[in-house]
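Quick notes on the structure that follows.
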Amino acid sequence: MDLSATIGNFKFEHPFLNAAGVMCQTAAELDQVLGDDYTGSVVMKSATPSPRPGNPSPRYYELPSGLGTINSMGLPNEGFDYYMDYARQKQTKTNKPIFFSIAGLTHDENLAMLHQLQDSDFDGLVELNLSCPNVPGKPQTAYDFEATQSILTEAFAFFKKPLGVKLPPYFDIVHFDMIAKILNQFPLAFVNTINSVGNGLAIDPDTDTVVIKPKHGFGGLGGPMVKATALANVNALRTRLNPDIKIIGTGGVTKGRDAYNLILAGADLVEIGSQLMVEGLPVFQRVESELAAVMQAKNYQNLTEFRASLKALD
Ligand code: OXC
């Protein structure tokens with residue numbers, strides 16, 4: 001069975017990646033994901049120009065009954081140069097295409113990092129994270145359609161390497177139409193949908209307190225509780241975006257059937273976030289073999305046979 005996938009000229013032998021933010025902040029973590037036999041590659045933690053400690057702890061919490069996770073990490077990362085060094089060192093030693101994620105806190109920071117990437121010999125894919133919900137005082141850029149149009153216009157005026165965007169979930173059909181209309185104006189290599197569902201709140205019944213410290217307990221939701229939202233966003237974008245723009249489906253994957261559903265809805269690659277936190281690296285082999293079993297039962301030999309073939313009811 002062939003589970004490979006492509007984005008532009010990049011080939012992935014396995015369709016699974018870590019979601020940015022999970023197991024990808026330090027070189028040791030990145031090595032683990034990159035070196036795993038069942039990952040297509042690794043997505044590095046979204047970088048800011050300088051290292052950041054992120055928000056105060058506790059800043060990540062697993063909700064009971066496997067409902068999912070809430071986090072307000074606040075972009076802790078080792079800084080742009082660290083990830084540039086890592087990627088340049090590894091890209092000569094692996095055939096897995098590395099994703100360099102950036103999340104500037106301002107428009108100018110994003111453009112400055114894109115300039116550095118353009119001028120470097122980094123030869124992987126770049127993901128512009130327009131959707132981190134956890135930086136106090138900084139709204140998610142991709143909910144501001146004008147700001148999104150403006151950063152992409154300025155970026156594509158000089159940026160010629162493969163570039164994608166990490167999007168927040170949208171919840172209204174009109175918003176799907178609006179964001180797709182903007183994204184379709186640009187030669188994007190991919191969109192990654194969804195980032196966590198921003199600004200949820202969880203309460204500990206024993207203490208009657210919130211469960212994470214930053215932002216009075218408000219944080220991004222992930223895991224099974226966001227699965228239907230991720231599926232809807234993948235499908236809504238696949239049916240609206242130019243076919244050349246590939247889709248990375250992220251959100252709520254805990255088993256092979258979840259990944260199958262995202263691919264059926266239009267995903268080219270699939271990222272695992274919360275469940276990677278919960279289960280660790282073995283999740284990749286398990287979910288891949290479960291996906292293969294679903295495909296085998298349906299007599300599919302590769303992902304293209306069922307990708308984006310979700311049918312509506314007559
Ligand atoms: N999404 C992000 O884009 N970033 C992280 N969390 C999240 O849910 C973070 O660092 O807060």
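Among the conditions (1) charged (D, E, K, R); (2) open to solvent by 20 Å² or more (accessible area, probe 1.4 Å); (3) within 16 Å of the ligand (Cβ to nearest atom), the only one that Glu271 does not satisfy is (2). For first residues located in the range 3-15 and closer than 18 Å to Val294 by Cα, partners that are assigned to a strand (DSSP E or B) and open to solvent by 40 Å² or more (accessible area, probe 1.4 Å) and lie 6+ apart or on another chain with Cβ distances below 8 Å form the pairs Leu3/Asn302; Ser4/Lys11; Ser4/Asn302; Ala5/Lys11.
Is there a residue being free of Cβ contacts under 8 Å to residues at least 40 places away in the same chain, open to solvent by 10 Å² or more (accessible area, probe 1.4 Å), more than 12 Å from the ligand (Cβ to nearest atom) and of a type in the set (Lys, Arg) anywhere in the range 96-110? No, because not a single residue in the range 96-110 is free of Cβ contacts under 8 Å to residues at least 40 places away in the same chain, open to solvent by 10 Å² or more (accessible area, probe 1.4 Å), more than 12 Å from the ligand (Cβ to nearest atom) and of a type in the set (Lys, Arg).
Conditions tested, residue by residue: (1) in contact with a helix residue (DSSP H, G or I) (Cβ under 7 Å, 6 or more places away or on another chain); (2) of a type in the set (Phe, Trp, Tyr); (3) within 21 Å of Ile151 (Cα to Cα).
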residue: Phe176; (1), (2), (3): yes, yes, yes
residue: Ala180; (1), (2), (3): yes, no, yes
residue: Gln185; (1), (2), (3): no, no, yes
residue: Gly200; (1), (2), (3): no, no, no
residue: Asp204; (1), (2), (3): no, no, no
residue: Val211; (1), (2), (3): yes, no, no
residue: Gly220; (1), (2), (3): no, no, no
residue: Ala228; (1), (2), (3): no, no, no
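Scanning the range 64-95 for residues that are in contact (Cβ under 8 Å) with a residue 60 or more places away in the chain and either within 12 Å of the ligand (Cβ to nearest atom) or within 18 Å of Val135 (Cβ to Cβ) (or both) turns up Gly68, Thr69, Ile70, Asn71, Ser72, Met73, Gly74, Leu75. Considering every residue within the range 127-144, establish whether at least one is in contact (Cβ under 8 Å) with a residue 12 or more places away in the chain, among the polar types (S, T, N, Q) and open to solvent by 70 Å² or more (accessible area, probe 1.4 Å). No: the range 127-144 contains no residue that is in contact (Cβ under 8 Å) with a residue 12 or more places away in the chain, among the polar types (S, T, N, Q) and open to solvent by 70 Å² or more (accessible area, probe 1.4 Å).
Those residues that are in contact (Cβ under 8 Å) with a residue 40 or more places away in the chain and either open to solvent by less than 20 Å² (accessible area, probe 1.4 Å) or touching a strand residue (DSSP E or B) at 6+ places or on another chain (Cβ under 8 Å) (or both), I need them from the range 281-295; list them, please. Those that are in contact (Cβ under 8 Å) with a residue 40 or more places away in the chain and either open to solvent by less than 20 Å² (accessible area, probe 1.4 Å) or touching a strand residue (DSSP E or B) at 6+ places or on another chain (Cβ under 8 Å) (or both): Phe284, Val287, Glu288, Leu291, Met295. Tell me, yes or no, whether the range 173-186 has at least one residue that is within 15 Å of the ligand (Cβ to nearest atom) and modelled with pLDDT of 95 or more. No, the range 173-186 contains no residue that is within 15 Å of the ligand (Cβ to nearest atom) and modelled with pLDDT of 95 or more. Selection over the range 169-188 of residues that are closer than 25 Å to Gln116 by Cα and in contact with a Ser or Thr (Cβ under 6 Å, 6 or more places away or on another chain) gives a count of 1.
Considering the range 178-203 alone, what residues qualify as being over 19 Å from Arg238 (Cα atoms) and of a type in the set (A, V, I, L, M, F, W, C)? Matches in the range 178-203: Val197, Leu201, Ala202, Ile203.
The residues of the range 209-229 that are in contact with a Lys or Arg (Cβ under 9 Å, 6 or more places away or on another chain) and either more than 15 Å from Ser274 (Cβ to Cβ) or among the polar types (S, T, N, Q) (or both), listed by number, are Lys213, Pro214.
Select the strands (runs of 3 or more DSSP E) contained entirely in the range 192-267, then report the ones holding at least 1 residues which are within 16 Å of the ligand (Cβ to nearest atom) and surrounded by fewer than 19 Cβ atoms within 10 Å (Cβ to Cβ).
Values: elements: 197-201, 218-222, 246-250.
Fully inside the range 192-267 and qualifying: 197-201, 218-222.
Does at least one position in the range 150-168 carry a residue that is within 16 Å of the ligand (Cβ to nearest atom), in contact with a His (Cβ under 8 Å, 6 or more places away or on another chain) and open to solvent by less than 50 Å² (accessible area, probe 1.4 Å)?
Within the range 150-168, the first condition is being within 16 Å of the ligand (Cβ to nearest atom), and the residues that meet it are 151, 164-168.
Subset that is in contact with a His (Cβ under 8 Å, 6 or more places away or on another chain): 151.
Narrowing further to those that are open to solvent by less than 50 Å² (accessible area, probe 1.4 Å): 151.
Looking for residues that are within 16 Å of the ligand (Cβ to nearest atom), in contact with a His (Cβ under 8 Å, 6 or more places away or on another chain) and open to solvent by less than 50 Å² (accessible area, probe 1.4 Å), one finds at least one in the range 150-168, hence yes.
The values are calculated or read from the model by the stated rules, or taken from the named source; none is laboratory data. The structure displayed is predicted, hence computed values, not measured ones. Cβ atoms come from the backbone with ideal geometry, glycine included; neighbour counts cover every protein chain shown. The area values use the complete protein model at the heavy-atom level, side chains included, leaving out ligands, DNA and RNA. Shrake-Rupley method; radii C 1.70, N 1.55, O 1.52, S 1.80 Å.
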